[in-house]
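Everything below concerns the one structure shown next.
The values are calculated or read from the model by the stated rules, or taken from the named source; none is laboratory data. Values in this document were obtained by computation on a predicted structure and should not be read as measured data. Every residue, glycine among them, receives a Cβ derived from its backbone with ideal geometry; neighbour counts consider all protein chains shown.
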């Protein structure tokens, strides 16, 4: 990763970096990387992350930031992972460093959660939250999710609300800085 950053800095606009379409989490992860590393390269959005990875394997682009759809290629040795965008190393790829080791503070994760309409009674929120937490504590489910490169994180409804607000602020700033427009 340090060599890639150094090359990008000394050769602005020379590297082609693939991702999924404009505005998707991998696309925004590239935008955040460009901003934090202070590099300039050509960002090439594809129909989805897997197409970006396939273009990388075919040698038509230089680098790709993908979701975990690339994990099979990494595990088979067909693709070399330079880093993961998450805050922590992944159990599915424990030898792959996090990008924050090279760009302190970098973190870009795709996450999933459950939401409810404003005004939903607290007892219903508690019932849904408890059921979801119980399902995500099942060792078989956790192991399967980790095999896919996912990490289970439990948050209370209030913590999840704060997380969503923080993520909204962070990515709004990235979108404005990268001048990303709705398409």
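What to note about this one:
- Residue in segment 5-22 that is outside any loop (DSSP other than H, G, I, E, B), touching a strand residue (DSSP E or B) at 6+ places or on another chain (Cβ under 8 Å) and farther than 30 Å from residue 163 by Cβ present: yes
- When the test is whether a residue is under 23 Å from residue 37 (Cβ atoms), in a loop (DSSP other than H, G, I, E, B), at pLDDT 90 or above and in contact with a strand residue (DSSP E or B) (Cβ under 8 Å, 6 or more places away or on another chain), residue 96 passes it.
- Segment 33-49, subset surrounded by fewer than 23 Cβ atoms within 10 Å (Cβ to Cβ) and touching a residue at least 60 places away in the same chain (Cβ under 8 Å), residue farthest from residue 175 (Cα to Cα): 37
- Test: residue 25 is surrounded by fewer than 17 Cβ atoms within 10 Å (Cβ to Cβ) and more than 17 Å from residue 4 (Cα to Cα): no
- Filtered residues of segment 100-150 (kept if touching a helix residue (DSSP H, G or I) at 6+ places or on another chain (Cβ under 7 Å), free of Cβ contacts under 8 Å to residues at least 40 places away in the same chain and within 26 Å of residue 82 (Cβ to Cβ)): 107
- Residue within segment 50-60 that is in a loop (DSSP other than H, G, I, E, B), in contact (Cβ under 8 Å) with a residue 12 or more places away in the chain and in contact with a helix residue (DSSP H, G or I) (Cβ under 8 Å, 6 or more places away or on another chain) present: no
- Residue match in segment 62-76 (condition: in contact with a helix residue (DSSP H, G or I) (Cβ under 9 Å, 6 or more places away or on another chain), part of a loop (DSSP other than H, G, I, E, B) and more than 26 Å from residue 145 (Cα to Cα)): yes
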